[in-house]
Structure formats: C-alpha cells, structure tokens
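The values are calculated or read from the model by the stated rules, or taken from the named source; none is laboratory data. The model shown is predicted, which means the values in this text are computed figures rather than measured ones. Note: ideal-geometry Cβ built from the backbone for every residue, glycine included; neighbour counts use all protein chains shown.
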Amino acid sequence: MRRPRSAAAAAPPAARRRAVGRVGLVLVLALSLLGPAGVAQAGDRDDLVRQQQQNDARREKLQADLEGLDENLVETHLKLSDAEAKLPGAEAALATAQENLAAAERKQEQVTGRLAVAEQEAKDLEAAIADSGEKIAATRSAMGELARSTYRGDHTVSTVEVVLDSSSTEDFLQGYAVRETAVRAQTQVLDELETAAAVAENQRARQTAVTERIGELKEEADAAVVAADAARAEAEQRTAEIKQIQADMSELAAALEGQKGDVSGQIESLQAENKALSDEIAAIDEANRRAEEERKRKEAEAAARARAANRPAPAPAPAPAPRPQAQAGGGHLLIPPVPRPLYVTSGYGMRWYPITGGYWMHLGSDLRSACGNPQVAAAGGTVTAVKPHPNGTHGNQVIINHGYLGGSSYVTVYNHLSRFAVRAGQHVSQGQVIGNTGATGNVTGCHVHFEVWKNGSSIDPMGLPGF
C-alpha cells in the first residue's frame, strides 16, 4: 500500500523552493538576532567562565585591600570598581552591535537593490510579452488572409499554368518569378509566426522565473528589515548601558569623594589597634623570654650542683608553655588554620590603599575560607586572649601563646571569627578547633586572617614550612 504524500511533498517544486527559502531566512534571522552574545554562549563559554573567575578574584583582592575600613565606604569603592570593570566590555559590545547594524543595513540595501532590478525586469518582460502578442496576432491575421485568398484562388498559380499561359519566354519568367515571390512570402510569414511564438514562450518562462524571484527577494527584504531593526535595537541598548555605567561611575565617584574624610580616622583607628596588638604580643614575648631564661638558668644551676656532687646532670626542665605536636602537623612547628590547599586573597606585607593612595602594613595573610568553616590552632599553647569585638577593626579575635618552639617565641592571631570555641587561659593542642571563619570587624566577606609573631615581630605565615 502506497503511503500518502505529505502536503510539502505534494506541493509544486516552485512552492517547495519558496518554503525552503522562507525556512532558511528564518534561520538566518534567528542567528542574526542571537548576535555575539549567543555565539559567545555557544562557543566561548570557557572564556566567559575565565572572565567571571578573574572578576571574582579581582573583587576578592580589592575587598582584602580595603580591610579595616568602614563597610559602607568599602561597598561604595567596590561598586565603583565593578562599574569601571564593566565599561570596557560594554564598549566592546557596543562596537560589535554597531558593526552588526552596519552589516544589516548593507544587506538590506543590497536586497532592496536586487528587488528593484527584478521588479523592473518584470515590467520590461510584461511589455515585451504584450508586444510579442501583438506581433503574433498580426502574423496570424496575415496568415488567415493568405489562407482565405488561396482558398478563393486569388493568388494560387501552379507551374503548369504559368507554362501554359505564357506566350513567350519572357512571360514565363515573369510569371514564375511572381509565383516564387508568393511562395517565399508565405514561407516567411510562417517562419515569423514560429519565431514569435518561440520568443513569447521564452518570455513567459522568464516572467515566471522573475516573478518567483521577486517573491523570494521580498521575503529576504522583509527579513533584512527585521535583522536591521534588531541590530539597531541592540546598538541602542548597548549605548544606553554605557551611559548608565558612566552615570553610575560619576555618582559613585562623588559619593566616594564625600566619604574620604572618614578614611583618615578609620586608618588611625586601625593603626592604633595594630599598635595595641603589637604591644600585647611584645609583652607575651617578653614573658616567654624571661620564662625561657629562667628555665635555662635553673638547668645551669642544676648542672653545676650535679658537677659539684660528682653526679650526672638532671634532665632539663620542660618549657613553661606546652608543646604537644598533633598528627595534623606532619612534623612542622606550625600548621595552617584551615585545610590545604591554601588560597591567599591578600598576602603579608605593605598594602596599597586604593582610596587614599597610601601604604599600610598588613600583619598577616588572608586565606579563602567559607563562612562557618572551622579554624584550628597552629600549634599547642595557651589561649591568652579571646576578644569579642564584632564591630571593631579586627572583629572577634583569638590570641594563642605557643611559648618557645625550636628556640624561638611564637604567638599566633586569628581575626574576624564568627564564633569562639575556646576561652582565655585554656590550653589547646595543635589542630584543635578554636573558632569558625566569619566576617566580623571592618571586612566585607568571610575569610581567614592569620598572623604569626616570632620573637615579638610579625612574619609572613606563608614562608613557614608546611604552608
């Protein structure tokens, strides 16, 4: 049993070609409306992901650079920085949109020109077909008249009649010439009729093709208009985006300028808190130094007494601060407060203040860590301070005195904690949880702020073995 043909299959070839053409135009138009963004999403996804990661890293570093300042001031500067970062991309998108618009307008102009040529050709063919029709009608009229005349016998003269009617050779030649002229005239009329009919048939075929082409060009012209309108709308949207970004930048810059007067006071407060912390740790270090000297003095006295009594020297007394080394340390004196791998968002050392254009000392390393993640003691020791200052510069803070490790006095500091897991005076072991990552104090996001003080001076934690 034969399967019924679909409507598309049953359609005439010309109609099918037009249908396919319309589908093609729709596809081309859809791709043009997608524009660079659609192509980028399909082919450049990895580039977009990398760009987003770079933007996130830039913002994270900027947040770290602004640590210690008021949250509102930091947020204003971050918004300004974000706006500045968006501007180049918006300008590039505008340039692409303008290129697409120019291409769409060129396409529209080209299609419109081809359509005008085709329509003029159709008019010329229509006139030519009309002229051919008149010629064919005239020729057919002449043929009809000739046929009627022949039927009546008006012009039909046979060769025999010419011979019989001729009285002389001259008469014969004249009669024969007349007969041949009539035959040639009949033949010429027939040839002209055949030629005119063939020309007319060719003109009608050409007219059909041109009419079909005009339909296709009209559809293409309509699609070109839609594409040009879409490209124009895209360019206008990109222009509006740039204007909005520039307006935002102006507004944020003015707001930031108005807030700069507060920065000096906040920096002074930060420096004062750092000075107080430095003095506190210096006192701890001095106590450690005296305790170590006392321990060594007692060891020396015990050794001297033993020598005087001619006895072996007693075993050295233990250091005052506990030094248990948990399995997590892997044999290192200090371990990181969060699990490896470590990602430093802001390193130890002099830090540039982007708002005021000055430098200040960043006493620790900022490490990436999600809010609520546990932080552990870098080594065994005694918790000397648990400071709940959620609105201060350093936020919630824990200070641990590790005493002497490897011949040096060590103190570690943990800032911006969301909660505490220890209390002042408590002894902790290496790897024991002391609190959780937070964003307390003058910061804009959760992270670890970890300081290491060696012999009363801060050092770069990332330079320690195991970090």
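Using the structure shown, decide if S409 is of a type in the set (S, T, Y) and over 42 Å from the mean Cα position of the chain (by Cα). Spelling it out, S409 is indeed of a type in the set (S, T, Y) and over 42 Å from the mean Cα position of the chain (by Cα).
Taken over segment 386-407, the criterion of being surrounded by 17 or more Cβ atoms within 10 Å (Cβ to Cβ) and among the small types (G, A, S) is satisfied by G392, G395, G403.
Scanning segment 95-138 for residues that are within 17 Å of A221 (Cα to Cα) and touching a Ser or Thr at 6+ places or on another chain (Cβ under 8 Å) yields N100, A104. Scanning segment 403-429 for residues that are among the polar types (S, T, N, Q) and part of a strand (DSSP E or B) yields S408, S409, T412, N415. For segment 327-346, a tally of residues being surrounded by fewer than 16 Cβ atoms within 10 Å (Cβ to Cβ) and at pLDDT 85 or above returns 4.
Of the residues making up segment 403-419, those that are among the aliphatic types (A, V, I, L, M) and either over 17 Å from L464 (Cα atoms) or not assigned by TED's automatic domain parsing to the domain that holds V433 (or both) number 1. For segment 430-446, taking the residues that are out of contact with any Cys (no Cβ under 9 Å at 6 or more places or on another chain) and either of a type in the set (A, V, I, L, M, F, W, C) or crowded, with 24+ Cβ neighbours inside 10 Å (or both), the one that is nearest to V383 (Cα to Cα) is identified as I434.
Within this structure, I267 passes the test of being at pLDDT below 80, β-branched (V, I, T) and surrounded by 12 or more Cβ atoms within 10 Å (Cβ to Cβ).
Residue-by-condition table, conditions (1) in a helix (DSSP H, G or I); (2) in the same structural domain as A223 (by TED's automatic domain parsing); (3) modelled with pLDDT under 80; (4) not basic (K, R):
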{"residue": "E67", "(1), (2), (3), (4)": "no, yes, yes, yes"}
{"residue": "L73", "(1), (2), (3), (4)": "yes, yes, yes, yes"}
{"residue": "E84", "(1), (2), (3), (4)": "yes, yes, yes, yes"}
{"residue": "A95", "(1), (2), (3), (4)": "yes, yes, no, yes"}
{"residue": "Q120", "(1), (2), (3), (4)": "yes, yes, no, yes"}
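Would you confirm, using the coordinates I've provided, whether E216 is surrounded by 16 or more Cβ atoms within 10 Å (Cβ to Cβ), touching a Gly at 6+ places or on another chain (Cβ under 6 Å), assigned to a helix (DSSP H, G or I) and assigned by TED's automatic domain parsing to the domain that holds I129? Yes, satisfied. Can you find a residue that is in a helix (DSSP H, G or I), within 39 Å of the chain's Cα centre (by Cα), at pLDDT below 85 and under 30 Å from V383 (Cα atoms) anywhere in segment 248-256? Within segment 248-256 (the criterion being in a helix (DSSP H, G or I), within 39 Å of the chain's Cα centre (by Cα), at pLDDT below 85 and under 30 Å from V383 (Cα atoms)), the answer is no, since none of the residues qualifies. The C-beta contact set for segment 273-287 (first residue farther than 12 Å from N401 by Cβ, second residue hydroxyl-bearing (S, T, Y) and crowded, with 17+ Cβ neighbours inside 10 Å, distance under 6 angstrom, 6+ apart or interchain) comprises E273/T393. Listed by position, the strands (runs of 3 or more DSSP E) inside segment 363-402 whose residues that are assigned by TED's automatic domain parsing to the domain that holds L417 and within 19 Å of S429 (Cα to Cα) number at least 3 are 374-376, 381-387. Of all residues in segment 430-459, those satisfying the criterion of being part of a loop (DSSP other than H, G, I, E, B) and either farther than 22 Å from E280 by Cα or outside the structural domain of H362 (by TED's automatic domain parsing) (or both) are Q430, G431, Q432, T437, A439, V443, T444, G445, C446.
Quick one: in segment 447-460, which of the residues that are over 19 Å from A385 (Cβ atoms) and within 39 Å of the chain's Cα centre (by Cα) is surrounded by the most Cβ atoms within 10 Å (Cβ to Cβ)? Here the answer is H447.
The residues in segment 419-446 that are at pLDDT 95 or above and not basic (K, R) can be counted, and the count is 18.
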